[in-house]
Amino acid sequence: MDHTRWLDDHEQETWRAFLTANRLLFERVERQLQNEARMPHAYYEILVRLSEAPDRTLRMSRLADTSLSSRSRLSHAVARLEQAGWVERTACETDRRGAWARLTDAGQAALEAAAPGHVETVRSVLFDALTPAQVTALNEISVALVDHLVDAPVWPAENDRDCPEAG
């Protein structure tokens, strides 16, 4: 028996439009950050998450979970950010398997330098194309999809200062 729930014509058109828009938007955002700030969007997101955390510090495991990244991929990215002097990693005193990532002053400066161009790109490629009602609908749709796809909130990334979990 065939139990495939095939997409109807309208759903297929919606899926393809969503997929194409997603790819085009992220390609433009990625290109702008690479060209102007010399960093990939994934690094920019790490810097943003750290900048918004208490003491600009997050547990590495929490940073991986909230950025929807594997721990090994995040560890590689943080190592590159450490080489740039933008992030420093320290051990957790109460859990030797855990580590912290902290945004340095140089990292904060790099983020502040990159943010205006990034925000202008996001505004021009996304928000300028939408009416206020469409922005509201996009927000509602996006929140519904995130709630459907993940078990825990991904924004904001809160700090867990006592290191209770293994990293």
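The values are calculated or read from the model by the stated rules, or taken from the named source; none is laboratory data. Please read all numbers here as calculations on a predicted model, not as lab measurements. In this analysis, Cβ positions are derived from the backbone assuming ideal geometry, glycine residues included, and neighbour counts consider all displayed protein chains.
Is it the case that R31 is touching a helix residue (DSSP H, G or I) at 6+ places or on another chain (Cβ under 9 Å), touching a residue at least 12 places away in the same chain (Cβ under 8 Å), part of a helix (DSSP H, G or I) and on the phi < 0 side of the Ramachandran plot?
no
Could you pull out the residue among R89, R80, R97 that is touching a residue at least 40 places away in the same chain (Cβ under 8 Å) and of a type outside the set (A, V, I, L, M)?
That would be R97, the only listed residue that is touching a residue at least 40 places away in the same chain (Cβ under 8 Å) and of a type outside the set (A, V, I, L, M).
Would you mind listing the helices (runs of 4 or more DSSP H) fully within region 59-140 where at least 3 residues are surrounded by fewer than 13 Cβ atoms within 10 Å (Cβ to Cβ)?
71-83, 105-125
State the number of residues belonging to region 40-70 that are without any contact (Cβ under 8 Å) to a residue 60 or more places away in the chain and not small (G, A, S).
7
Hey, any hits in region 148-164 for a residue that's at pLDDT 95 or above and surrounded by 13 or more Cβ atoms within 10 Å (Cβ to Cβ)?
Checked region 148-164: no residue is at pLDDT 95 or above and surrounded by 13 or more Cβ atoms within 10 Å (Cβ to Cβ).
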